[in-house]
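Here the structure is laid out as structure tokens; the discussion comes afterwards.
The numbers here are math on the coordinates, done by the rules we state, and not lab data. These numbers were taken from a predicted model, which means no experiment stands behind them. Here Cβ is always computed from backbone atoms with ideal geometry, including for glycine, and neighbour counts include all displayed protein chains.
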Amino acid sequence: MRHHHLIQPAAAVCGTLALVAGLAACGGSSSAADEKVVTVYSADGLKGENGDGWYDKVFEDFEKETGIKVEYVEGGSGEMVQRAVREKSNTQADVLVTLPPFIQQADSKGLLAAYEPAGADQVDGADKASDGKWTSVVNNYFGFVYNKKELPGPPKSWEELLDAKYKEKIQYSTPGVAGDGTAVLIKAMHDFGGQEPAMEYLKKLQTNNVGPSASTGKLAPKVDKGELLAANGDVQMNFAQSKDMPNLGIWFPAKGDGRPTSFALPYAAGLVDKAPHSANGKKLLDFMLSEPAQQDVSAVGGGFAARADIEATDPNATELAALMRGVEIFEPDWSDIGTNLDDYVDAWKSATGS
């Protein structure tokens, strides 16, 4: 874990004195505001396993262009929000990137400052906050993965995962901790038509479930190796991982013989309130939404551009479009989920005995 630069209270006092007494010697390079650094707290998925992910390229290009170095900390969406809450009296992060509903949760906890990055006008209204507190930087969809070598094809339905051949061969990340884990609840509640039938199903699935995982990204390698046959994930992360994991296939469960469903699960970024390097945070958000960075979303990151004016024609974009064909996309009620998330997670805990 890298050390993060702490704001020295003296720097703030110094600024005030400088105004009053004109102390020219005050500040200088020791002031946190002048440091050529920006700290990003992010959900996992955008940084490559081998330094070949979207973040890797964007952060490198950003440093080349601005001289500002990116300090990067990653974890589950919920985990990153909890960490930022703990540090509220001594803010460490400048930019927070999480999946919904955690970006809404971060906002409700007063963690975000309003800032509309350049290019945000090209982001769809559903993918940004109306008050400028957060904006999607990479669009994405919830999905599952399966082992293509061990299985003749993807499982068709939720119900199929209850089969005895999946005993201790299924794992999904923890709702309330991981963004993709929370997404399991959201999709199950949609597909089964409410909280109660969804929890009833997830209770049955426990027979085959290996157990909790704080990180979704760690599940794909297990599926690729055949330790697991199926796990949850998201299209962008798993598509990027599949380049190095030949046995990884992406699929979307249906209920019974219905159509497979999914929903948008964007990586949403916000400027942290009272950020130690606020100006650098704004520059990074602008950079992430710039046209060159957005062109790289599919070509490098295996995701979907957040800006509507970007027409991606690279091979990844074509493959991703084919993958999503025939999948019914629904729109979750994020404000309801943001408000009632703790209740849904509690219901899941009592249903599964977690």
When the charge dipole of segment 47-94 is computed with +1 at the Cβ of Lys and Arg and -1 at the Cβ of Asp and Glu, the Cα pointing farthest to the positive end, of Gly67, Gly53, Ala93, is that of Ala93
Suppose R0 equals 25 Å. What FRET efficiency, 1/(1 + (r/R0)^6) with r the Cβ-Cβ distance, do Arg86 and Ala114 give to the nearest 0.05?
0.65
Protection proxy (average C-beta count within 10 Å per residue), highest first, orders 70-81, 263-274, 142-153 as 263-274, 70-81, 142-153
Distance cut-off 29 Å, Cα to Cα: go down the list Lys64/Lys133; Lys218/Lys274; Lys187/Lys225; Lys109/Lys222; Lys243/Lys282; Lys69/Lys225 and report the pairs above it.
Lys218/Lys274; Lys109/Lys222; Lys243/Lys282; Lys69/Lys225
Mean Cβ neighbour count within 10 Å, used as a protection proxy, ranking 117-124, 38-45, 106-113 highest first
38-45, 106-113, 117-124
Cα-Cα pairs of segment 133-190 separated by more than 17 Å (percent):
52 percent
Order of 230-236, 46-52, 280-286 by packing, highest average Cβ count within 10 Å first?
230-236, 280-286, 46-52
For the chain, shape from the Cα gyration tensor axes a ≥ b ≥ c, cut at a/c of 1.5 then a/b versus b/c, turns out prolate
